[in-house]
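Everything below concerns the one structure shown next.
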Amino acid sequence: PATATTPGQSAVFGNQGHFLNSFRPQRFDAAVGSLSLPPFTIEGDLITLLIGGGRDLERVRVSLLVDGRVVRSATGCGTEVLGRRVWPTQDLRGKTAQIEIIDASAAGWGHIEVDQITEWMRVRSADARQVNEPNRNRPR
C-alpha cells in the first residue's frame with residue numbers, strides 16, 4: 001500500500017488514505033506484479049472501486065473473478081486521477097468471487113492505482129420504503 005504519490009510520479013488525486021500503487025520507486029512503470037484478494041461471497045447489488053493509472057485492459061486492470069473466470073474488469077484512463085467504476089453484481093449473488101489486480105506492463109502508463117473497493121447492498125425492507133417516502137406529517 002502507498003500513502004502518497006511515488007517520487008517521480010505525477011500527483012495522484014482521489015485516493016482516501018492508503019491505496020494500491022504499482023508505480024514503484026526506481027522501477028516506475030517497469031514494475032510489474034499482481035495481487036489477489038481473499039475469496040468472498042457476493043451478497044450485494046454493486047461493487048464500486050476507484051482506479052487510476054494506465055488504460056490497457058489486457059495488461060493493467062482490476063478484475064472480478066467467479067469460478068476462476070473473469071466476469072468484470074476495469075482499468076484506468078491514462079491519468080493519475082482515480083475515477084469510480086461500478087460493477088453490477090445482482091446476477092452473481094451467492095457466488096464465491098475474488099478480486100485480482102494485474103500490472104503486467106512495463107510500457108509507459110504501465111501502472112495502476114486502486115482504492116475503496118466496496119460492496120453495496122440495496123436495503124430491502126418495509127422500513128426502507130417508509131424512509132424513502134416523504135413524511136406527510138412534517139411541517140412545510
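The values are calculated or read from the model by the stated rules, or taken from the named source; none is laboratory data. All values reported here derive from a predicted model rather than from experimental measurement. We place every Cβ from the backbone using ideal geometry, glycine too, and count neighbours over all the protein chains shown. We work out accessible area using only protein heavy atoms, side chains counted, and drop any ligands, DNA or RNA first. Shrake-Rupley method; radii C 1.70, N 1.55, O 1.52, S 1.80 Å.
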Pair residue 96, residue 13: separation of 7 Å Cα→Cβ label points (nm): 4.2
Distance in nm between pseudo-label sites at residue 4 and residue 36 (7 Å out along the Cβ direction from Cα): 3.5
For the chain, count all C-alpha to C-alpha pairs, find those more than 20 Å apart, and express that count as a whole percent of the total. 52
With the full set of protein chains in place, find how many percent of the accessible area of the chain is carbon and sulfur; take the probe as 1.4 Å. 52
With x for Gly and Pro, the residue-by-residue ³J(HN,Hα) of region 25-41, computed from phi through the Karplus equation 6.51 cos²θ - 1.76 cosθ + 1.60 at θ = phi - 60° and given in whole Hz, is x, 6, 9, 6, 5, 6, 5, 10, x, 9, 9, 10, 7, x, x, 8, 8
Quote to one decimal, in nm, the extra length available between residue 46 and residue 73 on full extension: 0.36 nm per residue of separation minus the C-alpha distance between them. 8.4 nm
